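This report concerns only the one structure given below.
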Amino acid sequence: MLGWLVGSSAAAVGLLAVLSIAFGLAANRVGERWAAALVGSATLRVGGPADELDARVAAALRVLEGTPGVASARPLSPSEQEALLLPWLGDRLPLEALPLPRLVAVGLEGDGPDADSLARRLAGEVPGAVYEDHGRWRRALRDAAEALSLLAVGAGALTLALLWGIVSIGTRATLDAHRGILVTLRLLGAKDGYITRAFTRRMVLRAVLGAVLGTAIAAGLLLALPRPDRAEAAQGAALTGLIPQGAEWLALGLVPLAAGLAAFLAARRAAQQVLRAVA
Amino acid sequence: MQGLIEFQDLGFGYTARERVLERVSLVLPDGSFHVLTGASGAGKTTVLKLCHLALRPSQGDLRVFGQSVQGLSRDAVTATRRRIGIVHQDCQFLDHLSVRQNIALPRYLRGETPDHFAEDLSDLIAWVGLEKRKDAMPPELSSGERQRAALARAVIASPELILADEPTGNVDPRMGQHLLSLILELNRLGKTVLVATHDLALIRAARDAVPVRLLRVSSGAIAVGATL
């Protein structure tokens, strides 16, 4: 009964640990991809009355052309701007009728322009122009990805701690139920290490088998998720990009080993504590 | 005089107020045969447990094989126990193992493989007359068979000292004589024997066969060379 409890708990722990690690890896991967996509580019937003926008954009392009760290500057076409807004506003609004600012895609070289100096020049020469170098978005994305990864690692560690607790309780209960055997073995000349190994081996075997089963189920669930097509992947599809990639599968394969190690340490400690009470 | 077992002003009590043994001094020389007798509850089993290191003295010192038991590590206790064969009153078998496996247990616990002790095991099983019952499980054995299996288990690892707690307690007189003859044979082979019993017939039969020192436990003391 206790053996089944340890085995099934290890299976649940394996499943949860694998899923948390997969979520963490995916969050990190997507965050890195998004951040990488924002490296080397910036956006200039030019606002103002509709009849002055073309002139302001032209003035902004002149400023940008002479700015060190700017490799290219290209105003987005109305259709490109619509494509950016479509996911947020839908296709029912007449976007062409809205007083939208114009966007200029800025390609950067090296460390990019001195943002403060550029902002001052733009303020003087192009009213309503705002330069955004994407740096704060990149940092925010990285921070979010790191936080999600840490959360996933924490969840994985918690599940292993849970397994530790279950194995400890299971080992103690098993040893208590077999106290007569322990006493007899000790009196017949068994060393503590021999008895500990005998009980630890069984617990570890059950924990590893359970964790392997849980890992296999979790891997099956991950494989059953819809796979992102190339375009989605390029955009960093968050939910469909959960499937581990390449070496990440190896990391998931470490879950049964970690479960086995946690079970071994927990069972050995519990057995040693129980044995200390036997003469 | 140095012996296999030495009690030096030894005192023991299960509680601080109630003393089972008080300032007992005793030496069991190598190769001797001692019979420990006394009323039920006098402390016979306690003496055997002390000798087997299952209990530690509350006062004084106990030396087993020349080594004080005070401060012995658990592994050192195990090493000492491996030089002692014990027959418990209730035999203490592992019920999920066969009689043969139970008898072989002390050798398994020393890390030996069955091919190392197969011959010894067969000889011992024959010696105690359990050839036909070797594959039975302990609960299937009669009282006499259990005592014989326990004796075989106690001696399979060639211990220097044999402790037996009421080895004839639950068997008929004929089986009691048979068990005694086995224990006497072990003593003739040089083993030191300490038997706790209140079976007078067994004590008399032992005295007729070998030089026996009688020890009587009473009121916390052990009288050496007591008469029946």
Legend entry - Failed item in (1) buried (at least 17 other Cβ atoms within 10 Å of the Cβ); (2) closer than 25 Å to B:G225 by Cα; (3) touching a Ser or Thr at 6+ places or on another chain (Cβ under 7 Å), with B:G3 passing the rest: (3)
Inset, instruction - Determine whether region B:153-164 contains at least one residue that is touching a Leu at 6+ places or on another chain (Cβ under 9 Å), more than 30 Å from B:F65 (Cβ to Cβ), modelled with pLDDT of 90 or more and of a type outside the set (S, T, Y). - result: no
Inset, instruction - Identify the single condition in (1) farther than 30 Å from B:D61 by Cβ; (2) within 9 Å of chain A (Cβ to nearest Cβ) that B:H116 does not satisfy, given that it satisfies every other one. - result: (2)
Inset, instruction - State which residue is nearest to the other protein chains (Cβ to nearest Cβ) when the search covers only region A:141-162 and only residues that are surrounded by 18 or more Cβ atoms within 10 Å (Cβ to Cβ) and within 28 Å of A:F199 (Cα to Cα). - result: A:L160
Inset, instruction - Working only within region B:80-96, note down all residues that are surrounded by 15 or more Cβ atoms within 10 Å (Cβ to Cβ) and either facing another protein chain (nearest Cβ under 10 Å) or part of a helix (DSSP H, G or I) (or both). - result: B:T80, B:R81, B:R82, B:R83, B:I84, B:G85, B:I86, B:H88, B:C91, B:Q92, B:F93, B:L94
Inset, instruction - Evaluate region B:103-111: report whether one residue or more is at pLDDT 95 or above and away from chain A (no Cβ under 12 Å). - result: no
Legend entry - Count of residues meeting criterion [part of a strand (DSSP E or B) and either under 30 Å from A:G253 (Cα atoms) or touching a helix residue (DSSP H, G or I) at 6+ places or on another chain (Cβ under 8 Å) (or both)] in region A:18-75: 5
Inset, instruction - Could you check how many residues of region B:119-134 are under 20 Å from B:A157 (Cα atoms) and either among the acidic types (D, E) or assigned to a helix (DSSP H, G or I) (or both)? - result: 10
Inset, instruction - May I ask you to list the residues in region A:7-38 that are of a type in the set (A, V, I, L, M, F, W, C), surrounded by fewer than 21 Cβ atoms within 10 Å (Cβ to Cβ) and under 22 Å from A:V208 (Cα atoms)? - result: A:A12, A:L16
Inset, instruction - Of all residues in region A:104-115, count the ones that are surrounded by fewer than 19 Cβ atoms within 10 Å (Cβ to Cβ) and either at pLDDT below 85 or closer than 12 Å to A:S41 by Cβ (or both). - result: 7
Inset, instruction - Can you tell me which residue within region A:163-186, out of those that are at the interface with chain B (Cβ under 8 Å from one of its Cβ atoms) and free of Cβ contacts under 8 Å to residues at least 40 places away in the same chain, is surrounded by the fewest Cβ atoms within 10 Å (Cβ to Cβ)? - result: A:G180
Inset, instruction - Could you list, in sequence order, all residues of region B:36-50 that are in contact (Cβ under 8 Å) with a residue 24 or more places away in the chain, more than 12 Å from B:V24 (Cβ to Cβ) and within 14 Å of chain A (Cβ to nearest Cβ)? - result: B:T45, B:L48
Inset, instruction - All but one of (1) at positive phi; (2) assigned to a strand (DSSP E or B) hold for B:G190, so report the exception by its number. - result: (2)
Inset, instruction - Return only the number of the condition from (1) more than 29 Å from B:A152 (Cα to Cα); (2) within 14 Å of another protein chain (Cβ to nearest Cβ); (3) free of Cβ contacts under 8 Å to residues at least 40 places away in the same chain; (4) of a type outside the set (D, E) that A:R202 does not satisfy. - result: (3)
Inset, instruction - Could you please let me know if B:L62 is more than 10 Å from chain A (Cβ to nearest Cβ), buried (at least 22 other Cβ atoms within 10 Å of the Cβ) and in contact with a helix residue (DSSP H, G or I) (Cβ under 8 Å, 6 or more places away or on another chain)? - result: yes
Inset, instruction - May I ask you to verify whether A:V57 is of a type outside the set (D, E, K, R), touching a Leu at 6+ places or on another chain (Cβ under 7 Å), modelled with pLDDT of 80 or more and at negative phi? - result: no
Legend entry - Residue satisfying all of: in region A:205-224; touching a Gly at 6+ places or on another chain (Cβ under 9 Å) and either within 14 Å of chain B (Cβ to nearest Cβ) or free of Cβ contacts under 8 Å to residues at least 24 places away in the same chain (or both); farthest from B:A104 (Cα to Cα) among these: A:A216
Inset, instruction - Residue by residue through region B:136-177, note down the ones that are more than 14 Å from chain A (Cβ to nearest Cβ) and over 17 Å from B:C91 (Cα atoms). - result: B:P173, B:R174, B:Q177
Legend entry - So A:L95, is it surrounded by 12 or more Cβ atoms within 10 Å (Cβ to Cβ) and modelled with pLDDT of 80 or more: no
Inset, instruction - Quick one: count up the residues across region B:177-200 that are small (G, A, S) and under 13 Å from the mean Cα position of the chain (by Cα). - result: 1
Inset, instruction - Go through B:G38, B:G71 for me and flag whichever is surrounded by 18 or more Cβ atoms within 10 Å (Cβ to Cβ), modelled with pLDDT under 95 and not hydrophobic (A, V, I, L, M, F, W, C). - result: B:G38
Inset, instruction - Just need a number here: residues in region A:132-188 that are farther than 30 Å from B:A76 by Cβ and among the basic types (K, R). - result: 4
Inset, instruction - Among residues belonging to region A:124-142 that are at pLDDT 85 or above and in a helix (DSSP H, G or I), point out the one that is farthest from A:R62 (Cα to Cα). - result: A:G124
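The values are calculated or read from the model by the stated rules, or taken from the named source; none is laboratory data. All figures in this text were calculated on a predicted structure; none of them were measured in a lab. Because the Cβ atoms are built from the backbone with ideal geometry, glycine has one as well, and the counts that use them run over all protein chains shown.
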